[in-house]
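Below is one structure, written out as structure tokens; comments come after it.
The values are calculated or read from the model by the stated rules, or taken from the named source; none is laboratory data. In this text the structure is predicted, and so the values were computed from the model without any measurement. Here the Cβ positions follow ideal geometry from the backbone for every residue, glycine too, while neighbour counts run over all protein chains shown.
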Amino acid sequence: MVKTIVLSVVLASVLGRTASAADPDPDSAIDSAQDGVDPDTAHRLAIIGSAVPAGIIGLGVLGAATGANASTRDVAGATAGIAALALIVTPSIGAFYAHHYLDPAIALRAAGSATLLIGLEFAFSNEIGDCYDGEPNCHVKPRTYGLLIAGAGAIVGGVALDIAMAPRWARSWNNEHHLALVPTAADGAVRPTGLALTGTF
């Protein structure tokens with residue numbers, strides 16, 4: 001037999017106002033108290049997981065280009081490379097938090113990283129690159145530019161996908177488990193503000 005249990009939990013003190021309670025935003029109200037799946041938290045984690053390695057990559061590239069000596073440039077370049085590898089996975093932290101583990105954005109970023117790496121090899125390698133024979137008037141081929149643009153676009157697209165979808169995946173998890181937090185209000189002149197946790201068991 002299916003029973004519906006409603007647990008009312010007052011989370012804030014009485015505000016002492018007589019105005020009617022505002023209509024809740026259904027997207028921001030949905031939450032899972034059991035598993036802590038909050039759409040806003042999922043969104044923030046995706047942003048942080050994207051911004052931190054991207055910032056490290058930028059600093060590493062800057063250090064590799066302007067370092068005072070060879071060892072400094074080597075360390076900066078290696079740091080940028082490690083951060084680039086991390087960028088394949090870390091934007092999906094929000095998805096993992098939302099219990100969404102089969103994240104297609106990881107595959108998209110991995111493919112983009114491989115494509116970008118091939119483009120960089122063609123652009124700068126002295127052995128297999130467009131200018132491998134050391135010609136002074138050598139130019140990078142359109143194919144190489146295409147690889148660089150496609151690879152960078154796939155990485156950016158994968159990051160944007162995780163940032164956009166993380167809160168939706170969190171709401172989907174909550175909906176699948178029939179859990180929601182909704183505002184409650186008592187009758188009378190003074191209306192206390194609170195939330196009700198509802199679930200079907």
Mind checking which residues of segment 82-109 are more than 30 Å from His177 (Cβ to Cβ) and either touching a residue at least 60 places away in the same chain (Cβ under 8 Å) or surrounded by 15 or more Cβ atoms within 10 Å (Cβ to Cβ) (or both)? Ala83, Ala84, Ala86, Leu87
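In segment 59-77, how many are touching a residue at least 12 places away in the same chain (Cβ under 8 Å) and either closer than 21 Å to Ile106 by Cα or exposed (fewer than 13 other Cβ atoms within 10 Å of the Cβ) (or both)?
Applying the first criterion (touching a residue at least 12 places away in the same chain (Cβ under 8 Å)) to segment 59-77 yields 59-64, 75-77.
When the remaining residues are screened for being either closer than 21 Å to Ile106 by Cα or exposed (fewer than 13 other Cβ atoms within 10 Å of the Cβ) (or both), the result is 62.
Of the residues in segment 59-77, 1 are touching a residue at least 12 places away in the same chain (Cβ under 8 Å) and either closer than 21 Å to Ile106 by Cα or exposed (fewer than 13 other Cβ atoms within 10 Å of the Cβ) (or both).
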Taking segment 13-61 and keeping residues assigned to a loop (DSSP other than H, G, I, E, B) and either at pLDDT 85 or above or among the aromatic types (Phe, Trp, Tyr) (or both) leaves Asp38
Filter segment 91-138 down to residues that are of a type in the set (S, T, N, Q) and at pLDDT 80 or above and give me whichever is farthest from the chain's Cα centre (by Cα). Thr115
With respect to Arg143, is the statement that it is at pLDDT 85 or above, buried (at least 16 other Cβ atoms within 10 Å of the Cβ), not aliphatic (A, V, I, L, M) and not in a loop (DSSP other than H, G, I, E, B) true? no
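May I ask you to verify whether Val156 is at pLDDT 85 or above, under 30 Å from Thr41 (Cβ atoms), surrounded by 14 or more Cβ atoms within 10 Å (Cβ to Cβ) and of a type outside the set (Lys, Arg)? Give the derivation first.
On the way: at pLDDT 85 or above: yes; under 30 Å from Thr41 (Cβ atoms): yes; surrounded by 14 or more Cβ atoms within 10 Å (Cβ to Cβ): yes; of a type outside the set (Lys, Arg): yes.
Judged against the criteria, Val156 is a match.
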